[in-house]
Amino acid sequence: MAAHTLAPRTVTHGSFSIDRVFRSSPARVFDAFSDPAKKRRWFAEGPGFHLDSFDMDFRVGGEEKSRFRFVGEKPIEEGTPCHNDTVYMDIIPGKRIVIAYSMSFGGAPFSASLATMEFLPEGEGTRLVFTEQAAFFEGGDGVEMREQGTRELLGQLAAELGE
C-alpha cells in the first residue's frame, strides 16, 4: 500500500490594536460601520478588487458576507476569488461592535479572527480602538499584513467621513 504524504498543517496566531482619531462624532463613525451602503463603499469597494457581492445584516447574530476577486497589480493571481464571512457577536449602538470573521482565498480558508471596535469620544471627534486576534492557517497573510490592510481600510473610512 502506498503511503500518502500530507503537507504539514500549520497555524500561527497574532494580535494587534490600532488607535485612530477621527474628527467625526462617535455616532457618525459608528453609522459608517452599521449602514450597509456606507460600509460597502469604504470596506468592500476599492482599487485592486472586483466586488462580486456584499450582504450585511447588522444585528447580534447577523452576518456580513463579501465576495470579491483580485484585479490589477497585486502579488496574487488576478481573478482569484476571496470570501470574507462575518458574524456580529456584540453591538452596543454608538459604543462597540464585536465580530468573528473568517477569510478564504481560492476556496481555502486562510484565517479566522475576533475583532472589537470601540467608539470613544475624543473632544468633538472619535477615538476608534480596533483590536484583532487572529489565527492564520498554512501561511495565511499574517498579522503584519492584516494590520496594514486594516490601516488602509480605516483610511478609506476617513475618506467616507470626508476627513
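Subtracting the Cα-Cα distance from 0.36 nm times the residue separation, let me have the gained length for T150 to I92 in nm, one decimal. Walk me through the numbers on the way to the answer.
Numbers: separation 58, 0.36 × 58 = 20.88 nm, distance 2.15 nm.
Full extension of this stretch gives 18.7 nm more.
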Distribution of pairwise C-alpha distances over region 91-163, 5 Å bins, in % = 4, 13, 20, 24, 18, 11, 7, 3, 1
inquiry  = Nearest 10 degrees is fine. How inclined is helix 142-160 to the longest principal axis of the chain, computing both from alpha carbons?
reply    = 40
Residues with amide H under 5 Å from that of E122, placed H, sequence gap 5 or more = R127
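State in Å² the accessible area per residue of region 73-163; use a 1.4 Å probe, count heavy atoms of protein chains only, and round to the nearest integer.
On the way: 4630 Å² over 91 residues.
Value for region 73-163: 51 Å² per residue.
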task = Mind putting a number on the dipole of the chain about its Cα centre? Charges go on the C-beta only, +1 for Lys and Arg and -1 for Asp and Glu, and I need it in Debye to the nearest 20.
result = 200
message = Among G79, G107, S15, whose Cα projects farthest towards the positive end of the dipole of the chain, with charges put on the beta-carbon of Lys, Arg (+1) and Asp, Glu (-1)?
response = S15
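Using Stokes-Einstein with the Kirkwood hydrodynamic radius over Cα pairs, what translational diffusion coefficient do you get for the chain at 25 °C and a viscosity of 0.890 mPa s, in µm²/s rounded to a whole number? Provide the component values of the computation, followed by the final result.
Details: Rh = 16.8 Å.
For the chosen part, D equals 146 µm²/s.
Write down, largest first, the equivalent ellipsoid semi-axes of region 51-138 in whole Å, where each equals the square root of 5 times an eigenvalue of the alpha-carbon gyration tensor. Mind dumping the intermediate values first?
Values: eigenvalues 151, 45, 36 Å².
After diagonalising the Cα gyration tensor, the semi-axes are 27, 15, 14 Å.
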note = Distance in nm between R23 and K65 label points, each 7 Å along Cα→Cβ, equals 3.9
ask   = In percent, how large is the relative contact order of region 16-67, given Cα pairs closer than 8 Å and 6 or more residues apart?
value = 23
ask   = What dipole magnitude, in Debye to the nearest 20, does region 68-159 give about its Cα centre under +1 on Lys/Arg Cβ and -1 on Asp/Glu Cβ?
value = 240
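The values are calculated or read from the model by the stated rules, or taken from the named source; none is laboratory data. In this text, all values refer to a predicted model and were calculated from it rather than measured experimentally. A quick note on method: Cβ atoms are made from the backbone with ideal geometry, for glycine too, and the neighbour counts reach across all protein chains shown. Protein only, heavy atoms only, side chains kept; ligands, DNA and RNA dropped before computing areas. Shrake-Rupley method; radii C 1.70, N 1.55, O 1.52, S 1.80 Å.
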